[in-house]
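Undergrad: My questions all concern the structure below.
The values are calculated or read from the model by the stated rules, or taken from the named source; none is laboratory data. If you're wondering where the values come from, they're calculated on a predicted model, not measured in any experiment. Neighbour counts run over all protein chains shown; Cβ positions are idealised from the backbone, glycine included.
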Amino acid sequence: MTLQTEPNDIAPSLMSPLDPHVIVLFGATGDLARRKLLPGLLHLARAGLLPECRIIGTSLDDLDTDAFQKVARGACEEFAVGEVTTTEWAEFETRLVFVRQSDGADALRAVVADAERSLPGEPRRLHYLSVPPNAALAVVRTLGEAGLVERARIIMEKPFGTDLASARKLNAALHETFAEEQIFRIDHFLGKEAAQNILAFRFANGLFEPIWNRDHIDHVQIDVPETLSIDTRLEFYEQTGAFKDMVVTHLFQVLAFMAMEPPTALEPLAISEEKNKVFRSMMALDPAKVVRGQYTGYRDEPAISDDSETETFIALKCAIDNWRWAGVPFFLRTGKRMAEGARIISIAFREPPKSMFPIGSGVGAQGPDHLTFDLADASKLSLSFYGKRPGPGMKLDKLSLQFALHETGRQSDVLEAYERLIHDAMSGDHTLFTTAEGIERLWEISTPLLTNPPPVRAYQSGSWGPNAIHQLVAPHAWRLPFERAWRE
Ligand code: BG6
């Protein structure tokens, strides 16, 4: 496919400048901060997207500012894209300060006040809570005690509760300190360039929206197998499992982008409203339509009990009971230690009502026509269809139109999901964040599964999950592993 793109006319300098900020990073020495947040902030600075700011790291570690700067440098050298030059680091480092969390609210208040004095005007505050779920509310209380709520926004990490009751409790407790518009619940899948491209693809083109419904779409798959194991996160994972870790957050959110009605505007409220309408229309999950799996050997991992019932894999069938989607099954799957890592949305179109092609021509032999979104950072898109094989007679092959982001020459402009979302939070843009209402509804439809989970079934590491996944999807078949590879 030939690609024609226009020059980038939204250079950072043309976007409205962000106010100066004090960013308080809770959990500043943890895994997420090291892998994503600190390198992400450095990348934003490089791209000219970070406003004048101070970054205050805080954690349970006994560090001072010098030691924190060293930790941050190590993290950026290991995880940032490209080499960290001495000059850029010298500039970035001056923004980094550390305060021990154990020093309490007064110490935090003093460090923030100090940072604010070094910035022009009345800086905004961005509190990033990269802390375990059971520590989040204590941090929120500290922020209240320290008087750091005014002019502030707060980014929360999942899980946002573990069931309906706990999600409601968490939201109510948060709202005692912060107003809903100050809260940014992060779901990094929505920050992925490819996830946002779903909106562009659907709503910027006249071609696809008319067929985006039950009349033309047979079923949908959202498939996110991971080869990763759980290594360093066993304790967290044992409490959480694949459903709460991946489905309630990432997969359902992506499903909402795929299934929502056109919003009245490309604005946070309009988009959240449409997503929430999808969640409201979703039918409660039926445990009989869920396959939970556990890789063999999970129970031998350190910190995991011999009779653990935590799922490291889940596949499920769900339904959206509205006019657009009634009768269209949505199949979701994700798990650890699987055969391949992928993140795809695959839309299968209905087959033609009659076939005029001779038996043996190959029509339908490779499944229906598909539209496939690959949500990888180097995102791809493919539309497959049957076409004639050259030569005599009428033999048909499955062909495809494919698009790959890297062919546009724009891949270096991609912001990593966390970078994009931190930037959006600083500009107060809620578009890619989830709401209290949405989260609570998702827990509500999950209740039957949480109260009556089917038993976990064993699967081999390196496989596609327990055998029962085939019955779940029948008479269809899982798209992965692909019969035909992406074009290089
Ligand atoms: C995280 C989950 O939110 O997302 C992990 O906790 C998962 O278990 C990860 O591996 C996947 O994210 P990505 O961006 O690497 O696909």
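Undergrad: Of all residues in segment 372-393, count the ones that are within 16 Å of the ligand (Cβ to nearest atom) and assigned to a loop (DSSP other than H, G, I, E, B). Full working, then the answer.
TA: Within segment 372-393, the subset within 16 Å of the ligand (Cβ to nearest atom) is 373-380.
With the extra rule that they be assigned to a loop (DSSP other than H, G, I, E, B), the set shrinks to 375-379.
Residues that pass the stated criteria total 5.
Undergrad: Just to be sure I understand the filter: pairs with C-beta atoms under 7 Å, separated by 6 or more residues or on different chains, first member in segment 156-168 and closer than 24 Å to L25 by Cα, second member within 16 Å of the ligand (Cβ to nearest atom) and assigned to a loop (DSSP other than H, G, I, E, B). Which pairs pass?
TA: Listed by first residue and then by second, the contacts come to M156/I186; E157/S130; E157/I186; K158/D187; A167/F160; A167/G161.
Undergrad: Next up: Where the second residue is among the aromatic types (F, W, Y) and within 11 Å of the ligand (Cβ to nearest atom) and the first is closer than 14 Å to R343 by Cβ and lies in segment 249-260, which pairs have Cβ atoms under 9 Å and are six or more apart or on separate chains?
TA: These pairs meet every condition: T249/F189; H250/F189; L251/F189; Q253/F189; V254/F189.
Undergrad: Still on this structure: May I ask you to say which residue of V224, V220 is in contact (Cβ under 8 Å) with a residue 40 or more places away in the chain, under 14 Å from the mean Cα position of the chain (by Cα) and part of a strand (DSSP E or B)?
TA: Numbers: V220 fails: under 14 Å from the mean Cα position of the chain (by Cα).
Matching residue, one of V224, V220: V224.
Undergrad: Report, by residue number, each residue of segment 215-232 that is of a type in the set (A, V, I, L, M, F, W, C) and within 13 Å of the ligand (Cβ to nearest atom).
TA: Residues of segment 215-232 of a type in the set (A, V, I, L, M, F, W, C): 217, 220, 222, 224, 228, 230.
Matches in segment 215-232: I222, V224, L228, I230.
Undergrad: In segment 20-42, what count of residues is obtained for those that are in contact with a helix residue (DSSP H, G or I) (Cβ under 8 Å, 6 or more places away or on another chain), at pLDDT 95 or above and either assigned to a loop (DSSP other than H, G, I, E, B) or not aliphatic (A, V, I, L, M) (or both)?
TA: Selection size over segment 20-42: 10.
Undergrad: Give me the pairs, please: first residue somewhere in segment 414-432 and under 20 Å from A270 (Cα atoms), second residue anywhere and assigned to a helix (DSSP H, G or I) and of a type in the set (S, T, Y), beta-carbon distance under 9 Å, and either six or more positions apart or on two chains.
TA: Pairs that qualify, where the first residue is under 20 Å from A270 (Cα atoms) and the partner is assigned to a helix (DSSP H, G or I) and of a type in the set (S, T, Y), are H430/S272; T431/S272.
Undergrad: Here's another thing I want to ask about it. Which numbered condition trips up W323, out of (1) surrounded by 22 or more Cβ atoms within 10 Å (Cβ to Cβ); (2) away from the ligand (no atom under 16 Å from the Cβ); (3) part of a loop (DSSP other than H, G, I, E, B)?
TA: (1)
Undergrad: Looking at A342, A303, which is the one that is assigned to a loop (DSSP other than H, G, I, E, B), under 26 Å from T232 (Cα atoms), of a type in the set (G, A, S) and more than 22 Å from the chain's Cα centre (by Cα)?
TA: Going through A342, A303 in turn, the sole match is A303.
Undergrad: Any idea how many residues of segment 161-198 are aliphatic (A, V, I, L, M), part of a helix (DSSP H, G or I) and either surrounded by fewer than 19 Cβ atoms within 10 Å (Cβ to Cβ) or within 16 Å of the ligand (Cβ to nearest atom) (or both)?
TA: Going through segment 161-198, the residues aliphatic (A, V, I, L, M) turn out to be 164-165, 167, 170, 172-174, 179, 183, 186, 190, 194-195, 198.
Okay, now just the ones that are also part of a helix (DSSP H, G or I), so 164-165, 167, 170, 172-174, 190, 194-195, 198.
Those still in the list that are either surrounded by fewer than 19 Cβ atoms within 10 Å (Cβ to Cβ) or within 16 Å of the ligand (Cβ to nearest atom) (or both) too: 164-165, 172-173, 190, 194-195, 198.
Number satisfying all stated conditions: 8.
Undergrad: Being within 30 Å of E238 (Cβ to Cβ) and buried (at least 17 other Cβ atoms within 10 Å of the Cβ) is the filter here; which residues of segment 103-136 pass it?
TA: If we filter segment 103-136 for residues that are within 30 Å of E238 (Cβ to Cβ), which is where we start, we get 127-136.
Residues satisfying the conditions are H127, Y128, L129, S130, V131, P133, A136.
Undergrad: Output the qualifying pairs, or none if there are none: Cβ atoms under 9 angstrom, residues six or more apart or on different chains, first residue in segment 104-130 and among the acidic types (D, E), second residue in a loop (DSSP other than H, G, I, E, B) and surrounded by fewer than 13 Cβ atoms within 10 Å (Cβ to Cβ).
TA: Hits for this filter: E116/E122.
Undergrad: Hey, another quick one. Within segment 233-253, restricting attention to residues that are surrounded by fewer than 16 Cβ atoms within 10 Å (Cβ to Cβ) and either within 11 Å of the ligand (Cβ to nearest atom) or small (G, A, S) (or both), which residue is farthest from S461 (Cα to Cα)?
TA: Only one residue fits best here, namely F236.
Undergrad: Would you call L63 assigned to a loop (DSSP other than H, G, I, E, B), buried (at least 18 other Cβ atoms within 10 Å of the Cβ), of a type outside the set (F, W, Y) and over 28 Å from the mean Cα position of the chain (by Cα)? Spell out the reasoning first.
TA: On the way: assigned to a loop (DSSP other than H, G, I, E, B): yes; buried (at least 18 other Cβ atoms within 10 Å of the Cβ): yes; of a type outside the set (F, W, Y): yes; over 28 Å from the mean Cα position of the chain (by Cα): yes.
It is true that L63 is assigned to a loop (DSSP other than H, G, I, E, B), buried (at least 18 other Cβ atoms within 10 Å of the Cβ), of a type outside the set (F, W, Y) and over 28 Å from the mean Cα position of the chain (by Cα).
Undergrad: Just one of (1) over 25 Å from the mean Cα position of the chain (by Cα); (2) crowded, with 16+ Cβ neighbours inside 10 Å trips up L37, so point out which.
TA: So the condition that L37 fails would be (1).
Undergrad: I want to confirm something. Restricting to segment 51-80 and keeping residues that are touching a residue at least 60 places away in the same chain (Cβ under 8 Å) and out of contact with any His (no Cβ under 6 Å at 6 or more places or on another chain), which single residue is nearest to H127 (Cα to Cα)? Working first, answer last.
TA: So in segment 51-80, the residues touching a residue at least 60 places away in the same chain (Cβ under 8 Å) come out as 51-54.
This time we only want the ones that are out of contact with any His (no Cβ under 6 Å at 6 or more places or on another chain), so: 52, 54.
Numbers: E52: 16, R54: 12 Å.
Result: R54.
Undergrad: Sticking with this one: Take segment 129-160 and flag every residue that is part of a loop (DSSP other than H, G, I, E, B), over 19 Å from the mean Cα position of the chain (by Cα) and basic (K, R).
TA: Restricting attention to segment 129-160, the residues satisfying the condition of being part of a loop (DSSP other than H, G, I, E, B) are 130-132, 146-151, 157-160.
If we keep only those that are over 19 Å from the mean Cα position of the chain (by Cα) as well, we get 146-151.
Within segment 129-160, R151 is the sole residue that qualifies.
Undergrad: What is the number of the single condition among (1) outside any helix (DSSP H, G or I); (2) within 16 Å of the ligand (Cβ to nearest atom) that L119 does not meet?
TA: The failed condition is (2).
Undergrad: Further, regarding this structure: Given the conditions (1) hydroxyl-bearing (S, T, Y); (2) closer than 24 Å to S463 by Cα; (3) away from the ligand (no atom under 16 Å from the Cβ), and given that S361 satisfies all but one, which numbered condition is not satisfied?
TA: All conditions are met except number (2).
Undergrad: Only one of (1) touching an Asp or Glu at 6+ places or on another chain (Cβ under 6 Å); (2) more than 16 Å from T434 (Cβ to Cβ) fails for I217. Which number is that?
TA: With respect to (1) touching an Asp or Glu at 6+ places or on another chain (Cβ under 6 Å); (2) more than 16 Å from T434 (Cβ to Cβ), I217 is out only on (1).
Undergrad: When the residues of segment 431-488 are narrowed to those that are assigned to a loop (DSSP other than H, G, I, E, B) and aliphatic (A, V, I, L, M), which ends up surrounded by the most Cβ atoms within 10 Å (Cβ to Cβ)? Break it down into steps so the answer makes sense when it comes.
TA: Kept after step one, since they are assigned to a loop (DSSP other than H, G, I, E, B), are these residues of segment 431-488: 431-433, 435, 452-456, 460-462, 464-467, 474-488.
Checking which are aliphatic (A, V, I, L, M) leaves us with 432, 456, 474, 477, 480, 485.
Working: L432: 26, V456: 21, A474: 8, A477: 12, L480: 18, A485: 7.
It comes out as L432.
Undergrad: Restrict the check to segment 270-285 and report whether at least one residue is touching a Gly at 6+ places or on another chain (Cβ under 9 Å) and either in a strand (DSSP E or B) or among the aromatic types (F, W, Y) (or both).
TA: Yes; the residues of segment 270-285 include at least one that is touching a Gly at 6+ places or on another chain (Cβ under 9 Å) and either in a strand (DSSP E or B) or among the aromatic types (F, W, Y) (or both).
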